[in-house]
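Report on the structure given below.
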Amino acid sequence: MTHDKLSRQLEGLWHDSYKAPGYMILRTVVELHQPTPEGRYPKVLCQGCSMTEVNLYVDYPCQTIRVIEKEL
């Protein structure tokens, strides 16, 4: 699932936000774990997990996004 599609799916939960506790937290996590812009690195990385100052690069989708997608 692309990041945009995941974001749209979360927007669908907005109308049922009273039924989905933690919607804003989940939305914030998804926004933090977005893919790097195309062409910045040789492959697409997770901006939330990758820490370039310590040379830690995590592919997108990361484990966090995979778990969220699975549960939705």
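Bear in mind that the values in this text are calculations on the coordinates, not laboratory data. Quick caveat, the model's predicted, so the values are computed rather than measured. Virtual Cβ from ideal backbone geometry, glycine too; neighbours counted across all protein chains shown.
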Q | Point-to-point label distance, MET51-ILE25, nm (Cα→Cβ direction, 7 Å offset) | A | 2.3 nm
Q: Starting from the Cα of TYR41, move 7 Å in the Cα-to-Cβ direction to define the label point; list residues of the range 53-72 whose amide nitrogen is under 16 Å from there.
A: 53-66
(Q) How tilted is helix 3-14 with respect to the longest principal axis of the chain? Cα atoms for both, answer in degrees (0 to 90, nearest 10). (A) 20 degrees
Q | Rough spin-label spacing in nm, given labels placed 7 Å along Cα→Cβ, for ASP59 and GLN9 | A | 1.9 nm
Q: Kindly provide the helix-only [θ] at 222 nm of the chain, computed as the sum of -39,500 (n - 2.57) over DSSP H runs of four or more divided by all residues, to the nearest 500 deg cm²/dmol?
A: -13000 deg cm²/dmol
Q: With N denoting the number of residues in the range 3-71, provide Rg(C-alpha) divided by 2.2 N^0.38 Å, to two decimal places.
A: 1.21
**Q.** Per-residue Cβ neighbour rank within 10 angstrom, fewest leading, GLU38, GLU69
**A.** GLU38, GLU69
